[in-house]
1. Could you list, in sequence order, the residues of the stretch 52-75 that are crowded, with 17+ Cβ neighbours inside 10 Å and modelled with pLDDT of 95 or more?
2. Give me the pairs, please: first residue somewhere in the stretch 76-89 and at negative phi and surrounded by fewer than 19 Cβ atoms within 10 Å (Cβ to Cβ), second residue anywhere and modelled with pLDDT under 95 and not in a strand (DSSP E or B), beta-carbon distance under 8 Å, and either six or more positions apart or on two chains.
3. Just wondering, is there one or more residues in the stretch 102-112 that are part of a helix (DSSP H, G or I) and on the phi < 0 side of the Ramachandran plot?
4. State all residues of the stretch 94-110 that are free of Cβ contacts under 8 Å to residues at least 24 places away in the same chain and open to solvent by less than 90 Å² (accessible area, probe 1.4 Å); if no residue qualifies, say none.
5. When the stretch 80-99 is examined, which residues are found to be touching a Leu at 6+ places or on another chain (Cβ under 7 Å) and within 16 Å of residue 46 (Cα to Cα)?
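The values are calculated or read from the model by the stated rules, or taken from the named source; none is laboratory data. Just so it is clear, the model here is predicted, and its values are computed rather than measured. Quick reminder, even Gly has a Cβ in these numbers, built from the backbone with ideal geometry, and neighbours come from all protein chains shown. Heavy atoms of the whole protein, side chains included, go into the accessibility calculation; ligands, DNA and RNA do not. Shrake-Rupley method; radii C 1.70, N 1.55, O 1.52, S 1.80 Å.
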Amino acid sequence: MHPSPQNTAKLAEQVAAYDPTTDPHIDGDAFKTLFVARLAPETTERTLQREFEEYGPIKNIRLVTDASGRPKGYAFLEYEHRNDMKMAYKMADGRKVDSKRVLVDVERGRTVPDWYGGGGVYVGVGVGVWGCLWVCCVRKWCFRHAHQARIIFIFIMTNIIITLVQITIIIITMTNTQAAT
């Protein structure tokens, strides 16, 4: 299913107007802020405080609502310390809050260039939504499992180097064989 031209134009307008740095509702340190999604409608700031303060002291909680005051199902939690936010990011994803498994992520609106928060889309990158989701999953896994990610990276680089050495040996052998004849 492809979006209609009207929806595409509307999305383009919203993307052009999107600037999280000028939103009056957003304040605090983006690098200490945790994004929590898939919240139940009955989840309150008090519930979030109780569930997430085990990772460290929380400075501010913003439960996002629509114009009528109904919750949109996500919130931003600003921790007092960056390491506390990182710990919550690593440990709280999939945790049950009010009988629903939540998704946690770092705040990307003010920390990732060209990030458009409406569904988690990189603007201007032609990989599509599935590619963006895959990149986000890989980034999150690498952040959570930094040691394993380094080992995998070293393994891949070692294989690339071995392959390049083998190709070089083949080229040298072929060149020497042709020169001998």
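1. 52, 55, 56, 58
2. Short answer, once both residue conditions are applied: 80/32; 81/32; 82/29; 82/31; 82/32.
3. Within the stretch 102-112, not a single residue is part of a helix (DSSP H, G or I) and on the phi < 0 side of the Ramachandran plot.
4. Hit for the stretch 94-110 is 94, nothing else.
5. The one that is touching a Leu at 6+ places or on another chain (Cβ under 7 Å) and within 16 Å of residue 46 (Cα to Cα): 97.
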